[in-house]
1. Can you list the GluC sites (Glu not before Pro) in region 93-181 that are in a DSSP coil and have 13 or fewer other beta carbons within 10 angstrom?
2. Just how large is the dipole of region 42-90 about the Cα centre, in debye to the nearest 20, putting +1 at every Lys and Arg Cβ and -1 at every Asp and Glu Cβ?
3. Taking Rh as the Kirkwood radius computed over C-alpha pairs, what is the Stokes-Einstein D of region 44-147 at 20 °C in a medium of viscosity 1.002 mPa s, expressed in µm² per second?
4. Using only the alpha-carbon atoms, how far is helix 242-260 inclined from the longest principal axis of the chain? Give it as 0 to 90 degrees, nearest 10.
5. Taking only C-alpha pairs under 8 Å that are 6+ residues apart, what is the relative contact order of the chain in percent?
6. Report the Cα-based extents of the chain along its three principal axes, largest first, to the nearest Å.
7. In debye to the nearest 20, how big a dipole does region 36-125 give about its Cα centre with +1 on each Lys and Arg Cβ and -1 on each Asp and Glu Cβ?
8. If you average the sequence gap of Cα pairs under 8 Å that are 6 or more apart and divide by the length of region 265-362, what percent do you get for the contact order?
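The values are calculated or read from the model by the stated rules, or taken from the named source; none is laboratory data. A quick note: this is a predicted structure, and the numbers were derived from the prediction, not measured. Ideal geometry is used to build each Cβ from the backbone, glycine not excepted, and the neighbour counts take in all protein chains shown. Surface accessibility is based on the protein's heavy atoms, side chains included, excluding ligands, DNA and RNA. Shrake-Rupley method; radii C 1.70, N 1.55, O 1.52, S 1.80 Å.
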Amino acid sequence: MERWRKHKFLLHGMHAEVSTRKKTFAEVQTERLDQAERTVLIKCPSKLNEKKLLQYLSSHGNVKSHFFFENRGISALIEFSEKSSIASLQDAVGIPDVSEHHVVPFKSRLFTFTLKNPVSQRMEETPLHLSPQCHIPVKDLIQKLCLADSISGQMYVLLNEHQLTEENIKLRFLACSLVRDFARAYFPDSTVKPFGSSVNTFGKLGSDVDMFLDFHDTGKHATKMKKGPFEMEYQMKRLPSERLATQRILSVIGDCLDNFGPGCVNVQKILNARCPLVKFCHQPTGFQCDLSVSNSIAIRSSELLYIYGCLDSRVRALVFTVRCWARVHGLTNSAPGTWITNFSLTMMVMFFLQKRSPPIIPTLDQLKELADEKDKHIIGGYDCSFVSDLRKIKPTKNTETLDVLLGEFFEYFGNFDFRKNSINLRKGKEVNKPESSPLYIWNPFEQDLNISKNVNQPQLEKFIAMARESAWILQKEDKTQQMINKEPWGLAALLIPFGKSNSSRMKNRMKGIGSETIKSLLDSLKLNNANSQQKAVGK
Ligand code: GTP
Ligand code: MG
């Protein structure tokens, strides 16, 4: 009974979360960026009186929200109600007096709070609640999963453990806002916005922060100037290509972060990549960051995934589960290589959900049909329009449980004809592969690109073998018996590396993949044989 209630509560919680998330992607972004501009980060002594700190801060303005977290010591994120409070605080704080170093006098929104008389002040310490910024280890997760009462329940437990928290999202936006302060030293109109999994509803605690520099406001300015009987425009440096401009801007901002950014370390400029970027570690927030220059297509991808993630609570639960499963079995890797990326994997889950009957999420073409004038986006000649208002999308009639969907996902991709077919989310249909890459997933917006071009045949085969093995484990499993034996069951069983006892079976499954035709021939022979045997018995 208790378990049932917990599960119900959890499901109820998920729905509540979804229903409060009806804001458009742009609304969420604007709100969060505004919040981040009113926020500061303070490094604190490990023990302090929370009330006294807040009292001190409130002399500069109302503190709207705050939390403490651990990251190389204790830090506090403080959100003021008004932006002006930050200027007031900045006026009151001093510059460090360090004899053996010379400080770079860049005044940011990162401060250090110390106690003048630690001995007497220690008496007033209060225990601090620390908000966790990373997820529990897989082995602890597996134990928790075993306490759930269904695979669906397990998938929601996993989602709750891995998804970004409100606090972590605030920190991510703050990291962007702090980088923006540097960019504005050169480009006062610029902003720095997060994209990728920080904002697409599929972010996991511990994932990197992808951010881009946006000069959009400068563009708006240009249209205003064209009104009237004459025209004025800025004199600007002209360069032979957009790529070169991007490289130069990123190079300078990268140097700035490296030389003057408090806590910006391991700054790497990767300017010759297809998409030039600056990688760095932002120690005050604890994030690994990737900074690039406005990439409209990547932003559209983030918004598209945001929409899919908000439509039905099963979407995120399935994506988080599949991503975690893939990581455990070494199908994905944080280093770039021939592995399937989390982005491709997410697209595969979306495609699978489009293919259910009735579909759980609409195709991109259907979302495009619902778009209105303000949703129109043509980027580099590609029509990237789709509806932004979530209320315009009809809820699905599909009522399949996640228990069913997880098994079907593995079954579907374990038997997908990757040699012949490609995955197309715009149409929600398998399409003949236009070229011979082992795994072909159409870029939803730049229709002539494959987002999984990096995946090689052995990696794809490993994915198929793992999917087949997982489908098989879910099918054969006897939950009651496993619970009695205290063995991991359901999702927990899928998150344990398939051990030695499975290796020979795995090999057989792997072997089968390279020769699909032979395998199906053998299967049909077996079937025929069984039929004829039956007939023989019947006779
Ligand atoms: P995690 O960081 O693994 O949690 O997921 P992510 O979605 O943030 O992936 P990643 O950091 O690798 O990439 C950030 C964003 O860049 C993605 O969300 C996509 O919008 C975009 N992106 C990444 N890889 C590709 C790709 O191969 N093709 C295209 N078109 N976009 C990509
Ligand atoms: Mg990312």
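1. On the way: sites: E100, E124, E125, E161, E166, E167; in loops: E100, E125.
The qualifying sites are E100.
2. On the way: 7 positive and 4 negative charges, 28 e Å.
For region 42-90, the charge dipole is close to 140 debye.
3. Numbers: Rh = 16.4 Å.
So the translational diffusion coefficient is about 131 µm²/s.
4. Taking Cα atoms only, the helix is inclined about 60 degrees.
5. On the way: 743 pairs, mean separation 65.6, N = 539.
For the chain, the relative contact order is 12 percent.
6. Result for the chain: principal-axis Cα extents of 98, 71, 45 Å.
7. Numbers: 12 positive and 10 negative charges, 20 e Å.
Charge dipole of region 36-125: 100 debye, to the nearest 20.
8. Numbers: 79 pairs, mean separation 14.6, N = 98.
Relative contact order comes out at 15 percent.
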